[in-house]
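For reference, the structure discussed in these notes is given below.
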Amino acid sequence: MRIEKLREKMAELGVGSALIMTDENIRYYSRFSGSSSQLLVTSGEVMLFTDSRYTELAENETECTVVETKSQDRYPAIFGHVKNGRLGVDLAGIPYTAYKDIRAHISETDIVDISDAIEAQRIVKDEEELALIAKGARHNDELFAHLRGLIRPGITETD
């Protein structure tokens with residue numbers, strides 16, 4: 001559902017592919033908990049580009065097509081799959097060196113910053129996120145109830 005909403009926004013913005021670069025956004029769209037990776041979303045595919053340290057983790061945590069690459073081969077591999085010239089990128093939070101790597105493969109005029117669209121989608125919580133927030137609140141309530149039984153006058157923070 002998250003990917004479908006992203007694809008709707010991609011169509012609205014006229015981009016054929018979206019390159020997700022930040023760990024938190026990759027986790028949001030794919031459930032991948034590793035780092036040093038990129039997620040490419042096209043109209044028909046979701047590909048996670050990572051190195052050998054994370055390949056098994058990515059295959060276990062995601063439903064993405066996992067593409068194992070070495071760092072020096074990463075961007076050529078990604079751009080071998082980019083569709084429709086225009087590319088949406090979550091530019092907020094990526095280092096300038098990553099932007100330069102992207103620019104080595106695509107014209108600046110074909111890069112569309114989709115950071116605001118991703119943030120707008122993430123602000124509205126879906127059912128899964130609401131369930132996790134409720135579960136966290138229940139755990140906090142249980143923990144606090146337990147701690148109330150331990151707290152009494154004269155007890156120190158160390159105790």
Inset, instruction - Go through ASP101, ASP126, ASP110 for me and flag whichever is touching a residue at least 12 places away in the same chain (Cβ under 8 Å) and either of a type in the set (A, V, I, L, M) or touching a strand residue (DSSP E or B) at 6+ places or on another chain (Cβ under 8 Å) (or both). - result: ASP110
Legend entry - Residues that are closer than 23 Å to ASP126 by Cα and without any contact (Cβ under 8 Å) to a residue 24 or more places away in the chain, drawn from segment 25-51: ILE26, ARG27, GLY44, LEU48
Legend entry - Failed item, numbered, when GLY93 is tested on (1) closer than 19 Å to TYR29 by Cα; (2) in a helix (DSSP H, G or I); (3) of a type outside the set (Val, Ile, Thr): (2)
Inset, instruction - Check off (1) within 29 Å of LYS9 (Cα to Cα); (2) surrounded by fewer than 10 Cβ atoms within 10 Å (Cβ to Cβ); (3) of a type in the set (A, V, I, L, M, F, W, C) for ALA120 and give me the number that stays unchecked. - result: (2)
Inset, instruction - Tell me which residues, restricted to segment 14-61, are assigned to a strand (DSSP E or B), buried (at least 18 other Cβ atoms within 10 Å of the Cβ) and not aliphatic (A, V, I, L, M). - result: SER17, GLN38, PHE49, THR50
Inset, instruction - Name, by its number, the condition in (1) crowded, with 18+ Cβ neighbours inside 10 Å; (2) part of a loop (DSSP other than H, G, I, E, B) that does not hold for VAL66. - result: (2)
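Laboratory data are not the source of any read-out in this text; all were calculated from the coordinates shown. The structure displayed is predicted, hence computed values, not measured ones. Here Cβ is always computed from backbone atoms with ideal geometry, including for glycine, and neighbour counts include all displayed protein chains.
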